[in-house]
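In what follows, a single structure is set out as structure tokens and then discussed.
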2 protein chains.
Amino acid sequence: MAWDTEGTKRKIREAAVREFAAHGPDGTTVERIARSAGVNKERVYNYFGDKRSLFSHVLRDELAKVAQAVPVESFAKEDVGDYAGRVYDYHRERPELARLLRWEGLAFDGEVPDEELRREYYRYKLAAVVDGQEHGTVTTSIDADHLIFLVLSLAGWWTAVPQVARMLTQPLTEEEEARRRASVVEAARRLARTP
Amino acid sequence: MAWDTEGTKRKIREAAVREFAAHGPDGTTVERIARSAGVNKERVYNYFGDKRSLFSHVLRDELAKVAQAVPVESFAKEDVGDYAGRVYDYHRERPELARLLRWEGLAFDGEVPDEELRREYYRYKLAAVVDGQEHGTVTTSIDADHLIFLVLSLAGWWTAVPQVARMLTQPLTEEEEARRRASVVEAARRLARTP
DNA sequence: TCCTTTTCCAACGCTATCGTTGGAAATGAG
DNA sequence: CTCATTTCCAACGATAGCGTTGGAAAAGGA
């Protein structure tokens, strides 16, 4: 079973995503990541350097995944509500990315790695909104950068403050999930609507 | 200068809010809270018990403050956009509460203290939306609980993922702050609008 | 079989933090 | 002045995590 370098690295990355998403950079221990990956702690340091580097590494991976899984071309063609629904679904299935981003926002604000790469991702989304505005399918009464940002907030807030969602809405059944998704879709449409 | 028990407690609470908001429950040390408050570490344990209790304590205080500072009665009388603007302003001036809530959401989800007290706060907001809906000033195509939740997301997301906001929008000048506020107000109006 | 690479494992030194303790100094009420 | 209370301070033992190290076991290619 040895001799599988890539497999070992992958197991470490997967475990690191789980642990970091669950406990954050401070709350996570390298020991637990290693155990959860079924490898030795020493392997982690050997392949990924220190804890902070590993965090950056897995976050970069997750950003690449979401960019591929929830693509967007132009809101002249796709409905903004549908897009918001897809984003919501993604976060529901893979809540890790959103949690990693929020840990980063709380713990590391102001020192973000891979900044240029990440701006690239956002440029695509921005371009999709601008295209919609130019074709008259998206309102111009909210600036494009803010509009896409706010649409993302509709889909992301639920997991950002789950305790608030729990106290304010229904218990989290399948029905409630469906209601939430419907609200997000409707809300996004309302944000983008043209008169 | 001694003999001022309440003053000492207050200084500890204020320092704790700063430290917890900045570094989270894990990243904060009791030693730093004490130093920042200008008192001895031993005082913290004596007055507030362990670290977790202190965290709950200051969060409860901050919740009470916001409930008083950003009151809401009925969206039959007040415009939802204006309310969202007030919430945005509050978070801009006092970002601590939002950060504490998000630390809590990430680190302590599922074990929230003072749950009943906090539900009470949300019941007021919910009632304000329902009242608006009954008076026809607020749409009924989004359920009241979700509507208020999403309005709060519009105001709160900026500080939840500040690094994303920075990469997606303009540098954070006074002008950009004003633009953001305007977008939040407009977006909230759009969410609540009746046909 | 021999040799190189990967992996495991136990233990290391180091630092940080927790929560506690015992006693001394300062303070203000009576 | 006396005395109870508040505060400071230094140090405590215990634990936990970081990042490293040296060497042994396992695996597979030549």
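Here the extension length gained between residue A:82 and residue A:114 equals 8.6 nm, from 0.36 nm per residue of separation less the Cα-Cα distance.
Can you list the residues of region A:94-128 whose accessible area drops by at least 50 Å² going from the chain on its own to the full set of protein chains, with a 1.4 Å probe? Flagged in region A:94-128: A:102, A:103, A:106, A:109, A:119, A:122. Note the angle between two axes, namely the Cα long axis of helix A:144-160 and the longest principal axis of the Cα atoms of chain A, as a number of degrees from 0 to 90, rounded to the nearest 10. So the inclination is approximately 60 degrees. Each Lys and Arg Cβ is given +1 and each Asp and Glu Cβ -1; about its Cα centre, region A:68-140 then shows a dipole of about 180 debye. The chymotrypsin sites (Phe, Trp or Tyr not before Pro) of region A:114-195 include none that meets both conditions, a loop assignment by DSSP and at most 13 other Cβ atoms within 10 Å of the site Cβ.
If only the Cβ of Lys and Arg carry +1 and only the Cβ of Asp and Glu carry -1, the dipole of chain B around its Cα centre is close to 480 debye. Annotation for region A:102-195: trypsin sites (Lys or Arg not before Pro) lying in DSSP loop with at most 15 further Cβ atoms inside 10 Å of their Cβ are A:193.
Couplings 3J(HN,Hα) for region B:69-75, derived from phi with the Karplus relation 6.51 cos²θ - 1.76 cosθ + 1.60 (θ = phi - 60°), are 7, 10, x, 8, 10, 8, 7 Hz, where x marks Gly and Pro. Placing A:75, B:108 in order of accessible area, with the largest value first and a 1.4 Å probe, yields B:108, A:75. Buried surface for the B/A pair, taken as the accessible area of each chain alone minus that of the pair with a 1.4 Å probe, is close to 5300 Å² in total.
Can you give me the angle between helix B:115-134 and the longest principal axis of chain B, using Cα atoms only, in degrees from 0 to 90, rounded to the nearest 10? For B:115-134 against chain B, the angle is about 20 degrees.
Magnitude of the charge dipole for region A:1-49, about its Cα centre and with charges confined to Cβ atoms of Lys, Arg (+1) and Asp, Glu (-1), is about 80 debye. The coefficient of translational diffusion for the protein assembly as shown, derived via Stokes-Einstein from the alpha carbon Kirkwood radius under 25 °C and 0.890 mPa s, stands at 110 µm²/s. Look at the alpha carbon pairs under 8 Å that are at least 6 residues apart: their mean separation over the length of chain A gives a relative contact order of 25 percent.
The listed residues B:153, A:56, B:141 rank as B:141, A:56, B:153 when sorted by accessible area, largest first, using a 1.4 Å probe. Relative to the longest principal axis of the Cα atoms of chain B, the long axis of helix B:5-27 lies at roughly 70 degrees. Tell me the carbon and sulfur percent of the accessible area for chain A, rounded to whole percent, probe radius 1.4 Å. The C+S portion of the solvent-accessible surface of chain A is 51 percent. Taking loop as defined by DSSP and a crowding limit of 15 other beta carbons within 10 Å, which GluC sites (Glu not before Pro) in region B:68-127 fit? The qualifying sites are B:73, B:111.
Ellipticity at 222 nm from helices only: DSSP H runs of n ≥ 4 in chain A, each -39500 (n - 2.57), divided by the residue count, give -24500 deg cm²/dmol. What chain B shows is 46 Å² of accessible area per residue, with the surface traced by a 1.4 Å probe over protein heavy atoms.
Computed from backbone phi with θ = phi - 60° and the Karplus coefficients 6.51, -1.76 and 1.60, the 3J(HN,Hα) list for region A:179-195 is 4, 4, 4, 4, 5, 4, 4, 4, 5, 4, 4, 5, 4, 8, 3, 9, x Hz; x is used for glycine and proline.
Identify which of A:150, A:101, A:168 has the largest mean-square fluctuation in a Gaussian network model of chain A, with springs joining Cα atoms closer than 10 Å. Among A:150, A:101, A:168, the largest GNM mean-square fluctuation belongs to A:168.
The values are calculated or read from the model by the stated rules, or taken from the named source; none is laboratory data. These figures come from a predicted structure and were not determined experimentally. Positions of Cβ are generated from backbone atoms using ideal geometry, with glycine treated the same way; all protein chains shown enter the neighbour counts. For accessibility, only protein heavy atoms count, side chains too; no ligands or nucleic acids. Shrake-Rupley method; radii C 1.70, N 1.55, O 1.52, S 1.80 Å.
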